[in-house]
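Read-outs: derived from the displayed coordinates by stated rules, not from any lab. The structure displayed is predicted, hence computed values, not measured ones. Glycine gets a Cβ as well: all are built from the backbone with ideal geometry, and neighbour counts include every protein chain shown.
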């Protein structure tokens, strides 16, 4: 009598062809499941192509809205990439984004600095605030080994409560019944590009993407990050400045998330509101995974995800599709990518075993 046993064996080498094929397959599977979800939720199949592609990427109004939504998504994608390349799970991107928005608003409402430098000061304040917010879990991680998942997540709740406290208290616009801050002055708003709501923050996002690509792929720091991300013990043994590199990249992650919040309030809202940055943590992680932690690939990935958000708004208005469906589709794409990439790295074998007969000597 024989039996069968499943074994899992890690592949010594994964070819570029196998890696690329499985990645594309996982992406297509995730999108296919997402389409099935949309159809089951009531979206008409006849208009899905027009709603999801044509109106979002090939019409002037749709493309402008998609690019506007992509600006903060690019930065949160880069923020997640910066941290997760070192296996630091920054799940507090929303909190850092809110602190960045608060920092920019503080500069605007207090009229800090000269008017000619107000915008750069607001952007700098947003980046510093985001970096400061992630510094707490970073220090606890390095000094006491505290899990960053717990601390970054809890700090997001603290950040939201702080946001609520300011908007319902000292910063509430007295002439508005909603919990929003006073509107920023003209010199505290990013210039409009005359293409829908798209603003000059797109240039900031593109420039930072280029700088991040150079940092990660062309600099010594990028080499350090790769080694530390693969094996921290080996990095320490070879004399790589592990603590300094981790500190730099994690603070950079918080700064990028904070800058995303600053660009939202300076470029789009022109005031602080309580609705900014919702679901940006999950979106940033999804973008980072789909882009394979490559800063340059974050750019098109964020634009496609912004298009999905844009299309989700249309589906909500015309067909009653809830916003949660868009988040569900993101999760399905992420899960299928993870599963397919797992099987590209591991080999599953079915082994046949012969059962030992009674009285037969063991071998």
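Rounding to the nearest 10 and keeping the result within 0 to 90°, find how far the Cα-based axis of helix 60-84 lies from the longest principal axis of the chain. Taking Cα atoms only, the helix is inclined about 60 degrees. Full extension of the chain segment joining residue 214 with residue 187 gains 6.5 nm, where the gain is 0.36 nm per residue of separation less the Cα-Cα distance. Judged by the mean number of other Cβ atoms found within 10 Å, the most tightly packed of the peptides 13-23, 41-51, 87-97, 218-228 leads the ranking 87-97, 218-228, 41-51, 13-23. Classification of the stretch 247-289 by its C-alpha gyration tensor yields an oblate form. The axis ratio a/c (a ≥ b ≥ c) is 1.5 or more, and b/c is at least a/b. Taking label points 7 Å from Cα along the Cα-to-Cβ direction, residue 150 and residue 318 give a separation of 4.8 nm. Subtracting the Cα-Cα distance of residue 346 and residue 238 from 0.36 nm times their residue separation leaves 36.0 nm of extension gain. Counted residue by residue at 0.36 nm each, then reduced by the alpha carbon distance between them, the extension gain from residue 173 to residue 7 reaches 53.4 nm.
Across the chain, Cα pairs under 8 Å and at least six residues apart give a relative contact order of 38 percent. Each of 160, 309 has some number of other Cβ atoms within 10 Å of its Cβ, and from fewest to most they run 160, 309. Each part reduced to its alpha carbon centroid, the stretch 285-329 and the stretch 155-181 end up 28 Å apart. Out of [x] 36, 20, 19; [y] 34, 25, 18; [z] 41, 28, 19, which label holds the value of semi-axes √(5λ) of the Cα gyration tensor in Å that was computed here? Computed from the coordinates, semi-axes √(5λ) of the Cα gyration tensor in Å corresponds to [z]. With everything on Cα atoms, drop me the angle between helix 16-40 and the longest principal axis of the chain, reported from 0 to 90° to the nearest 10. Long axis of 16-40 versus the principal axis of the chain: about 60 degrees. Hey, how many Å between the Cα centroid of the stretch 1-58 and the Cα centroid of the stretch 246-261? With the stretch 1-58 and the stretch 246-261 each reduced to a Cα centre, they are spaced 31 Å.
Entry note, the chain: the mean residue ellipticity at 222 nm calculated from DSSP H runs of n ≥ 4, each adding -39500 (n - 2.57), is -22000 deg cm²/dmol after division by the residues and rounding to the nearest 500.
Could you tell me how many degrees, from 0 to 90 and to the nearest 10, lie between the Cα long axis of helix 148-167 and the main elongation axis, the longest principal axis, of the Cα atoms of the chain? The angle comes out at about 20 degrees.
Tell me, what is the FRET efficiency for residue 50 and residue 117 to the nearest 0.05, using R0 = 56 angstrom and their Cβ-Cβ distance as r? About 0.75, to the nearest 0.05. Rounded to the nearest 0.05, what FRET efficiency do residue 58 and residue 275 have when you use their Cβ-Cβ distance and R0 = 41 Å? Taking R0 as 41 Å, the efficiency between residue 58 and residue 275 is 0.90.
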